[in-house]
Amino acid sequence: MAESLSVFRGDRLVLDDVSLSLERGGALLLTGPNGAGKSTLLRVLAGLRRPDGGALLWDGMPITQDRTAHAARVAYLGHQDALKPSLTVQENLALFARAGGGDTDAALKTALKAVDLLHLSTLPARLLSAGQKRRTALARVLLAQAPLWLLDEPSLGLDAAAVDLLGAAIATHRAQGGLVVATTHVPLPLGDVSHLNLPGMPDQSRGWWGADEADLTGDAA
Amino acid sequence: MMELFCAVVQRDLRLALRHGADTLGAVLFFILTGTLFPLALGPSPDLLRHMAPGIIWVCALLAALLPLDRLFGAELEDGSLDQLLLLGLPPSLVALAKITAHWLTTGVPLLLAAVPLAIMLGLPTTTLPILLAGLLLGSMVLSLIGGMGACIVLGARRGGVLLPLLVLPLITPALIFGAAAIDAARTGLPWAPDLELLGAFLTAAIPLCPLAAGAGLRAAVE
């Protein structure tokens with residue numbers, strides 16, 4: 001699916017020659033230290049960010065050809081929950097239920113039930129706890145009805161019960177042939193999963209950081 | 001696609017309704033700056049009547065710029081922009097939906113507030129329809145060009161300062177024709193050509209501004 005991606009942030013090479021591929025029903029867990037480029041890779045896969053090198057293919061077609069069509073295939077959960085504090089849980093999700101198509105009210109109810117938020121659906125988002133906000137954001141992923149889920153630390157702020165719900169949702173999604181790419185620092189209930197470890201800071205081993213370090217040790221000696 | 005577009009507009013209208021202070025702020029700013037002119041220029045009815053078209057247009061222009069900065073800035077900051085771009089709508093339509101919402105929540109209230117301001121400044125009532133027709137077209141142009149500017153400066157540091165610098169020069173044709181139409185109507189000259197030019201400006205802005213705005217949104221999330 002992705003072939004030798006490279007991404008620069010500023011003048012720093014964040015991702016260098018990363019390749020990955022996923023089959024239907026597959027899951028991929030991205031691990032690596034802070035700043036290794038996990039979130040950047042997710043944004044590239046979502047089509048939000050253009051890779052500076054390499055190609056991104058979906059069913060053999062490059063996604064840059066029609067980024068809008070690719071957007072409809074993606075459900076993305078970012079660092080931020082992207083909720084409007086003044087709107088209720090239901091109002092926050094209404095637009096995205098519409099995007100998923102079908103019976104929006106029924107879909108909204110099913111999604112809220114799946115993350116156990118049905119009883120809070122008329123509460124303004126500003127009154128929710130961090131975990132409840134995260135669950136609302138997860139409900140949006142469910143609503144998108146998209147084959148590819150991109151989850152950036154999905155378990156952030158979730159309690160044990162909610163992590164189980166997340167695991168169940170991911171399992172159902174994969175059973176229907178969906179794909180999941182997730183980043184994490186803690187174990188996630190994903191079942192069988194392939195791993196991709198990003199080494200992080202590919203250019204820090206050399207360059208002036210490295211030279212600086214050598215100088216310091218030289219001084220100490 | 002049309003349904004999604006309407007859903008985005010609807011969401012923004014609901015947001016504006018919850019944050020009523022933003023709309024009210026723009027309208028009050030418009031009326032307040034308008035009232036400052038008689039205080040500063042002196043209460044000569046002739047002078048005020050002569051300057052009224054310009055005063056109304058300049059005040060409306062500045063007032064409409066006020067909420068633009070937050071219109072897209074808030075979406076970028078809380079991550080909503082990512083989600084909007086992943087809806088499956090082309091970015092230009094996302095931008096157009098938000099621009100439409102801006103016009104409905106800022107342009108239309110300003111249009112209504114222009115009537116009392118015009119009467120206060122002593123514009124003859126016969127020119128009011130032309131004032132409103134001009135402002136109707138002008139406020140749409142403003143939302144389009146302003147929205148485009150807001151998308152382009154999105155993510156830049158000091159975007160709020162850059163925005164007027166970018167938008168105000170682009171909007172001058174609308175200002176010239178809009179104010180000239182009222183002046184023409186007041187002095188009994190034909191006012192239709194001015195409004196037609198304003199309309200032409202709008203028809204050019206409708207397809208072009210969302211395209212530039214969409215590209216700005218894409219660049220902002222990169």
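The values are calculated or read from the model by the stated rules, or taken from the named source; none is laboratory data. Remember, it's a predicted structure, so these values are computed and weren't measured experimentally. Note that each Cβ is placed from the backbone with ideal geometry, even for glycine, and that neighbours are counted across all protein chains shown.
Does at least one position in region A:106-124 carry a residue that is within 11 Å of chain B (Cβ to nearest Cβ) and free of Cβ contacts under 8 Å to residues at least 40 places away in the same chain?
Taking every residue of region A:106-124 in turn, at least one turns out to be within 11 Å of chain B (Cβ to nearest Cβ) and free of Cβ contacts under 8 Å to residues at least 40 places away in the same chain.
For (1) in a strand (DSSP E or B); (2) of a type in the set (Phe, Trp, Tyr); (3) farther than 17 Å from residue A:28 by Cβ, each residue gets a yes or a no:
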residue: A:97; (1), (2), (3): no, no, yes
residue: A:116; (1), (2), (3): no, no, yes
residue: A:140; (1), (2), (3): no, no, yes
residue: A:145; (1), (2), (3): no, no, yes
residue: A:161; (1), (2), (3): no, no, yes
residue: A:180; (1), (2), (3): yes, no, no
residue: A:188; (1), (2), (3): no, no, no
residue: A:196; (1), (2), (3): yes, no, no
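Conditions (1) at pLDDT 85 or above; (2) within 14 Å of another protein chain (Cβ to nearest Cβ); (3) in contact with a strand residue (DSSP E or B) (Cβ under 6 Å, 6 or more places away or on another chain), marked per residue:
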{"residue": "A:132", "(1), (2), (3)": "yes, no, no"}
{"residue": "A:137", "(1), (2), (3)": "yes, yes, yes"}
{"residue": "A:142", "(1), (2), (3)": "yes, yes, no"}
{"residue": "A:159", "(1), (2), (3)": "yes, no, no"}
{"residue": "A:171", "(1), (2), (3)": "yes, no, no"}
{"residue": "A:176", "(1), (2), (3)": "yes, no, no"}
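Could you check region A:83-103 and list, in sequence order, the residues that are polar (S, T, N, Q) and more than 8 Å from every other protein chain (Cβ to nearest Cβ)? Give the steps one after another, and end with the answer.
Restricting attention to region A:83-103, the residues satisfying the condition of being polar (S, T, N, Q) are A:86, A:88, A:90, A:92.
Listed by number, the residues that qualify are A:88, A:90, A:92.
Any idea which of (1) modelled with pLDDT of 85 or more; (2) out of contact with any Ser or Thr (no Cβ under 8 Å at 6 or more places or on another chain); (3) under 20 Å from residue B:89 (Cβ atoms) is the one residue A:58 doesn't satisfy?
Only one criterion is unmet by residue A:58, namely (1).
Return a yes/no flag: does region B:22-32 have any residue that is on the phi > 0 side of the Ramachandran plot and within 14 Å of chain A (Cβ to nearest Cβ).
The answer is no, given that none of the residues of region B:22-32 is on the phi > 0 side of the Ramachandran plot and within 14 Å of chain A (Cβ to nearest Cβ).
Select from region B:49-78 the residues that are surrounded by fewer than 19 Cβ atoms within 10 Å (Cβ to Cβ) and facing chain A (nearest Cβ under 9 Å) and write down the one among them that is nearest to residue A:99 (Cα to Cα).
B:78
Within region A:33-45, does at least one residue satisfy the condition of being in a strand (DSSP E or B), in contact with a Ser or Thr (Cβ under 7 Å, 6 or more places away or on another chain) and at pLDDT below 85?
The initial filter retains those residues of region A:33-45 that are in a strand (DSSP E or B), namely none.
No, region A:33-45 contains no residue that is in a strand (DSSP E or B), in contact with a Ser or Thr (Cβ under 7 Å, 6 or more places away or on another chain) and at pLDDT below 85.
Given the options A:154, A:187, name the one that is crowded, with 17+ Cβ neighbours inside 10 Å and over 26 Å from residue B:4 (Cα atoms). If you could, list the steps in order and put the result at the bottom.
Numbers: A:187 fails: crowded, with 17+ Cβ neighbours inside 10 Å.
After ruling out the rest, the residue left standing is A:154.
Counting only residues that are of a type outside the set (Ser, Thr, Tyr) and assigned to a strand (DSSP E or B), which one in region A:67-82 is nearest to the other protein chains (Cβ to nearest Cβ)?
By that ranking, first place goes to A:74.
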